[in-house]
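Working notes for the structure below.
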Amino acid sequence: MDKNKKILPLLLLSILLGTATLSAQYQVSGGTKTPIRAAENTAYKLEVYLVYGTDGLTLSHTGTGTHRWYRYRTKAAVEDDWEPVASTQSGSTSTVTNPAEGYGYFAIDGSGELRRYVWIIDYSRYPARLSNLRVSSASDACTSLRLEGTADLPTLRYYLPDGKQAEVKREFEVSYFTQTWSQQSRTFTEQLHIDTLRGNPFDELLHRPPLTDTKIELRGDLFARTFGLEQTATVDRYEAVALEVHADTLITSESQTNLSRGQGELLAPATIHFRARANTPVASLFVWQISRREATGDVPIVRFTEQEMDYTFDREGNYTVTLEVSDRSGRCTNTDNSYKINITETVLKVPNVFSPESTPGVNDIFKVAHKSVVRFSASVFNRQGSLLYHWTDPNGGWDGKYRGRYVPAGAYYYVIEYTGTDGRTHRKSGDINVVRSTKQINHSNQ
């Protein structure tokens with residue numbers, strides 16, 4: 001066999017119950033407990049079986065002609081490395097009784113087919129023992145979990161036919177309760193979490209630490225479970241510190257505009273509801289902070305310490321909203337959630353002419369063009385100073401009527417006071433001209 005041929009990785013196969021069969025040519029059966037096919041190397045046509053005790057164990061081959069059995073300790077590349085093995089044959093089936101563990105076996109018959117190999121490991125000589133389970137204090141408990149303890153794990157070693165050493169990896173299960181987030185319901189629910197660890201369970205880092213206080217159990221190895229000899233080690237109560245945080249926003253109110261708006265702009269006053277969900281009670285401190293971009297950098301303007309908050313933005317500028325969540329011990333902090341908010345500056349334009357009644361639906365209401373107006377008040381007077389109309393909604397306006405009848409054409413006087421996103425109160429006043437015409441009326445904004 002070409003020694004440079006690529007060796008395929010070992011495949012940990014499903015545990016076989018009952019009599020174990022190797023490619024319809026070999027059978028491994030008997031022993032104190034049912035044998036397990038634990039690994040396969042397809043490049044070398046080798047399968048590894050774990051048995052529990054070799055008394056009463058049989059290894060059988062079905063083929064043509066007279067069979068000759070051999071075994072190898074560390075290499076089967078050349079015939080000089082083969083050790084003959086006694087067997088009995090009945091018809092087309094030959095059997096090796098009580099084969100020794102720690103050897104690779106193969107049979108040669110008259111078929112001339114490429115040999116297949118069976119390696120036998122007596123698991124009773126290499127049991128897994130676990131004790132003194134604890135959670136490592138050196139691990140980053142905010143993002144992972146590492147277990148510590150005492151593990152007596154003799155190597156389940158075997159050799160490929162070309163002499164290369166290999167190992168059957170043990171598997172262990174670690175289980176604990178945690179909280180799982182549902183995106184659909186936007187809630188956490190408590191569920192049992194199980195991870196599988198290969199090799200030494202204390203060498204592997206778990207990247208999904210518990211999100212709730214829980215008992216931690218380490219069981220294995222899984223071969224011992226099949227043999228009914230599983231070991232269990234526990235941490236009776238682990239106090240969780242890891243955090244998982246989900247946050248969302250909802251614009252509950254925003255002023256309207258009759259002008260175009262930029263991409264991503266919000267119009268003041270805009271009220272936004274901020275909500276955080278986390279694995280409470282492990283997550284115990286919630287801090288929302290709102291900062292505004294100034295020439296000197298981001299300046300904090302408000303701080304909330306609740307899971308949910310409402311805030312009304314009424315000043316123009318670029319804001320950053322951050323959420324910081326800490327666990328009850330202060331060991332872990334989550335700052336994954338932040339939001340950028342852009343509040344546009346105030347714009348207010350007043351026309352100088354409109355044509356009520358004569359151009360229905362076209363410039364027939366005296367109204368302002370506006371964007372991001374925080375507070376608004378407008379009044380229209382005649383030349384004698386009598387109040388004709390007053391409104392406080394910037395989306396409203398005067399239809400040119402007084403006491404249910406259209407006013408005569410002519411000039412009228414308006415006074416508008418409004419608060420902008422600069423935080424200041426502004427005043428506009430001037431003439432508004434009422435015209436009567438059946439033709440299109442051109443008008444301009446001042």
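The values are calculated or read from the model by the stated rules, or taken from the named source; none is laboratory data. Here the structure is a predicted model, which means the values were calculated and not measured. A quick note on method: Cβ atoms are made from the backbone with ideal geometry, for glycine too, and the neighbour counts reach across all protein chains shown. Calculation scope for accessible area: heavy atoms of the full protein, side chains included, ligands and nucleic acids excluded. Shrake-Rupley method; radii C 1.70, N 1.55, O 1.52, S 1.80 Å.
Here are some notes:
- Scanning segment 121-163 for residues that are in contact with a Ser or Thr (Cβ under 9 Å, 6 or more places away or on another chain) and aromatic (Phe, Trp, Tyr) yields TYR126, TYR159.
- Looking at LEU22, LEU13, just one residue is open to solvent by 30 Å² or more (accessible area, probe 1.4 Å), at pLDDT below 95, under 26 Å from ARG225 (Cβ atoms) and aliphatic (A, V, I, L, M), and that residue is LEU13.
- For segment 91-112, the condition holds for at least one residue, the condition being that it is open to solvent by 40 Å² or more (accessible area, probe 1.4 Å), without any contact (Cβ under 8 Å) to a residue 12 or more places away in the chain and either on the phi < 0 side of the Ramachandran plot or more than 49 Å from the chain's Cα centre (by Cα) (or both).
- Unmet criterion (only one of (1) touching a residue at least 24 places away in the same chain (Cβ under 8 Å); (2) under 30 Å from ARG277 (Cα atoms)) for GLY228: (2)
- Selection status of ARG115, open to solvent by 40 Å² or more (accessible area, probe 1.4 Å), over 25 Å from the mean Cα position of the chain (by Cα) and more than 29 Å from THR335 (Cβ to Cβ): yes
- Flag if LEU156 is farther than 20 Å from PHE223 by Cα and open to solvent by less than 10 Å² (accessible area, probe 1.4 Å): no
- Counting only residues that are touching a Phe, Trp or Tyr at 6+ places or on another chain (Cβ under 6 Å) and either within 30 Å of LEU205 (Cβ to Cβ) or open to solvent by 30 Å² or more (accessible area, probe 1.4 Å) (or both), segment 118-134 holds 2 of them.
- Identity of the residue in segment 348-376, in a strand (DSSP E or B) and open to solvent by 70 Å² or more (accessible area, probe 1.4 Å), that ends up farthest from TRP398 (Cα to Cα): ARG375
- Considering only residues in segment 204-263 that are assigned to a loop (DSSP other than H, G, I, E, B) and β-branched (Val, Ile, Thr), the one that is most open to solvent (accessible area, probe 1.4 Å) turns out to be THR257.
- Of all residues in segment 381-418, those that are of a type in the set (Lys, Arg) and assigned to a loop (DSSP other than H, G, I, E, B) total 2.
- Evaluating ARG277 against the criteria (1) part of a strand (DSSP E or B); (2) free of Cβ contacts under 8 Å to residues at least 60 places away in the same chain leaves one unmet condition, (2).
- ARG277 vs. criteria of a type in the set (Lys, Arg) and exposed (fewer than 12 other Cβ atoms within 10 Å of the Cβ): no
- For segment 218-256, the set of residues classified as touching a strand residue (DSSP E or B) at 6+ places or on another chain (Cβ under 6 Å) and hydroxyl-bearing (Ser, Thr, Tyr) consists of THR226, THR232, THR234, TYR238, THR249, THR252, SER253, listed by residue number.
- Conditions (1) assigned to a strand (DSSP E or B); (2) in contact (Cβ under 8 Å) with a residue 60 or more places away in the chain; (3) among the hydrophobic types (A, V, I, L, M, F, W, C); number of the one not met by ALA268: (1)
Per-residue answers, yes or no, for (1) under 30 Å from LEU218 (Cα atoms); (2) in contact with a Gly (Cβ under 9 Å, 6 or more places away or on another chain); (3) polar (S, T, N, Q):
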{"site": "GLU239", "(1), (2), (3)": "yes, no, no"}
{"site": "LEU250", "(1), (2), (3)": "no, no, no"}
{"site": "ALA268", "(1), (2), (3)": "no, yes, no"}
{"site": "ALA276", "(1), (2), (3)": "no, no, no"}
{"site": "THR312", "(1), (2), (3)": "no, no, yes"}
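- In segment 49-71, residue surrounded by the fewest Cβ atoms within 10 Å (Cβ to Cβ) [restricted to those that are part of a strand (DSSP E or B) and hydroxyl-bearing (Ser, Thr, Tyr)]: THR62
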